[in-house]
Amino acid sequence: MEINPLVIVAILLIVAYTFFYTPVGQLRNLLIVFVLFMIGATLVLAVSEMPLFGSVETPAYNEVARHYLDGTVPETGALNAVAAIITDYRAFDTLGEATVLFTAVAAALASMGAQREKGA
Amino acid sequence: MEDLVARSVCRLIVPFIQLYGAYLVFYGHLSPGGGFAGGAVVAASIVLYALSFGRETAEKRIAPGISHLLESGGGLWYLLVGLVGIMLGGSFLTNKAAGFYLGIPGHLFSSGMIFLLALGLGLKVASTMVTLFYNLSTEVNDEHGNGT
């Protein structure tokens, strides 16, 4: 089980390049099956490394959660712990979420808006 | 679309949906809710209005230009509040360490930066959904040639 994920990713990249430059035919189908199998194997390996369900060593059970619940009212002044985490402790993360929304609208306007001007 | 039932129900229900959305945004730090949920509810009310009264009527209420402006303005407001933290001597997007007014926990105007950021997020989410709805509905109308 001690396989470096980087090795797997490198193998997948080599296979993907081979697949990209292969003409349509039986070899290509074979490569598709092989790539899918490799991706599936990587996912299974990743799952096997995860902590067991309900295990005490799960990273979600460290002291951070207790700190958030205890520190929400004195440190942020909010009563809602979720709001305190989203817009105070993890505010930079939420800025990234707002950027995702902005990117979605920019992409929609760039593609749809250009077509609308051309059509009407 | 000329549906009397849809229009009557929409005219009755839209103010309440918008009030609920504003409540979710403004009381996000005291009760379940927040900028994302409240903004989505406000946007849903505008989409409902546009569906039952037609997009032209809705665009008279909330023009696409204003929607674009709020969309960028919400993001810039978020960045601005974060930069105020740097100006006041903390790091980017700090709340208590930067000296935001925390107030008394449980009051409406409390929790400093959280309240301000929820306002920006609510505006941004609502205008994002409305902008996407306007654009996607335009495409459908152009393709079939029956503008609602």
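So A:GLY54 ticks every box in (1) open to solvent by less than 70 Å² (accessible area, probe 1.4 Å); (2) in contact with a helix residue (DSSP H, G or I) (Cβ under 9 Å, 6 or more places away or on another chain) but one. Which box is left unticked?
With respect to (1) open to solvent by less than 70 Å² (accessible area, probe 1.4 Å); (2) in contact with a helix residue (DSSP H, G or I) (Cβ under 9 Å, 6 or more places away or on another chain), A:GLY54 is out only on (2).
Need pairs with beta-carbon distance below 8 Å; first residue free of Cβ contacts under 8 Å to residues at least 12 places away in the same chain and within region B:108-127, second outside any loop (DSSP other than H, G, I, E, B) and not acidic (Asp, Glu); sequence gap 6+ or separate chains.
Matching pairs, first to second residue: B:PHE109/B:PHE115.
Restricting the search to region B:105-137, which residues are at the interface with chain A (Cβ under 8 Å from one of its Cβ atoms) and of a type in the set (Val, Ile, Thr)?
Within region B:105-137, B:ILE114, B:VAL125, B:THR128, B:THR131 qualify.
Hey, among A:LEU101, A:LEU79, A:LEU43, A:LEU36, which residue is under 20 Å from the mean Cα position of the chain (by Cα) and not assigned by TED's automatic domain parsing to the domain that holds A:ILE11? Talk me through it step by step, then tell me what you get.
Working: A:LEU79 fails: under 20 Å from the mean Cα position of the chain (by Cα); A:LEU43 fails: not assigned by TED's automatic domain parsing to the domain that holds A:ILE11; A:LEU36 fails: not assigned by TED's automatic domain parsing to the domain that holds A:ILE11.
None of the others qualify; the one that does is A:LEU101.
Among the residues of region B:25-35, count how many are assigned to a helix (DSSP H, G or I) and surrounded by 23 or more Cβ atoms within 10 Å (Cβ to Cβ).
Step one: of region B:25-35, the residues assigned to a helix (DSSP H, G or I) are B:25-26, B:35.
If we keep only those that are surrounded by 23 or more Cβ atoms within 10 Å (Cβ to Cβ) as well, we get B:25, B:35.
Residues in region B:25-35 being assigned to a helix (DSSP H, G or I) and surrounded by 23 or more Cβ atoms within 10 Å (Cβ to Cβ): 2 in total.
Exactly one of these conditions fails for B:TYR78: (1) surrounded by 17 or more Cβ atoms within 10 Å (Cβ to Cβ); (2) among the aromatic types (Phe, Trp, Tyr); (3) more than 8 Å from chain A (Cβ to nearest Cβ). Give me its number.
Among (1) surrounded by 17 or more Cβ atoms within 10 Å (Cβ to Cβ); (2) among the aromatic types (Phe, Trp, Tyr); (3) more than 8 Å from chain A (Cβ to nearest Cβ), the lone unmet condition for B:TYR78 is (3).
All but one of (1) in contact (Cβ under 8 Å) with a residue 24 or more places away in the chain; (2) within 11 Å of chain A (Cβ to nearest Cβ) hold for B:GLY54, so report the exception by its number.
(2)
Quick grid of which residues meet (1) of a type in the set (Val, Ile, Thr); (2) closer than 30 Å to B:ARG7 by Cβ; (3) touching a Leu at 6+ places or on another chain (Cβ under 7 Å):
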{"position": "B:ALA43", "(1), (2), (3)": "no, yes, no"}
{"position": "B:GLY54", "(1), (2), (3)": "no, yes, no"}
{"position": "B:SER72", "(1), (2), (3)": "no, no, no"}
{"position": "B:ILE86", "(1), (2), (3)": "yes, no, no"}
{"position": "B:ALA97", "(1), (2), (3)": "no, no, no"}
{"position": "B:LEU102", "(1), (2), (3)": "no, no, no"}
{"position": "B:SER111", "(1), (2), (3)": "no, no, yes"}
{"position": "B:PHE115", "(1), (2), (3)": "no, no, no"}
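Taking interchain pairs and intrachain pairs at least six residues apart, which have beta carbon atoms under 6 angstrom, with the first residue in region B:1-30 and within 13 Å of B:PHE53 (Cβ to Cβ) and the second among the acidic types (Asp, Glu) and surrounded by 13 or more Cβ atoms within 10 Å (Cβ to Cβ)?
none
Of all residues in region B:1-14, which are open to solvent by 70 Å² or more (accessible area, probe 1.4 Å) and not charged (D, E, K, R)?
Correct list: B:MET1, B:LEU4, B:VAL5, B:VAL9, B:LEU12, B:ILE13.
So is A:LEU31 of a type in the set (A, V, I, L, M, F, W, C), crowded, with 16+ Cβ neighbours inside 10 Å, away from chain B (no Cβ under 14 Å) and farther than 30 Å from B:LEU24 by Cα or not? Step through it out loud before you land on a result.
On the way: of a type in the set (A, V, I, L, M, F, W, C): yes; crowded, with 16+ Cβ neighbours inside 10 Å: yes; away from chain B (no Cβ under 14 Å): yes; farther than 30 Å from B:LEU24 by Cα: yes.
Yes; evaluated as a whole, the condition is true for this residue.
Exactly one condition in (1) open to solvent by 90 Å² or more (accessible area, probe 1.4 Å); (2) modelled with pLDDT of 85 or more; (3) within 14 Å of chain B (Cβ to nearest Cβ) is not met by A:ILE85; state its number.
Of the numbered conditions (1) open to solvent by 90 Å² or more (accessible area, probe 1.4 Å); (2) modelled with pLDDT of 85 or more; (3) within 14 Å of chain B (Cβ to nearest Cβ), the odd one out for A:ILE85 is (1).
The values are calculated or read from the model by the stated rules, or taken from the named source; none is laboratory data. For clarity, every value in this text was computed on a predicted model and none was experimentally measured. Every residue, glycine as well, gets a Cβ built from its backbone with ideal geometry; the counts of neighbours run over all protein chains shown. For accessibility, only protein heavy atoms count, side chains too; no ligands or nucleic acids. Shrake-Rupley method; radii C 1.70, N 1.55, O 1.52, S 1.80 Å.
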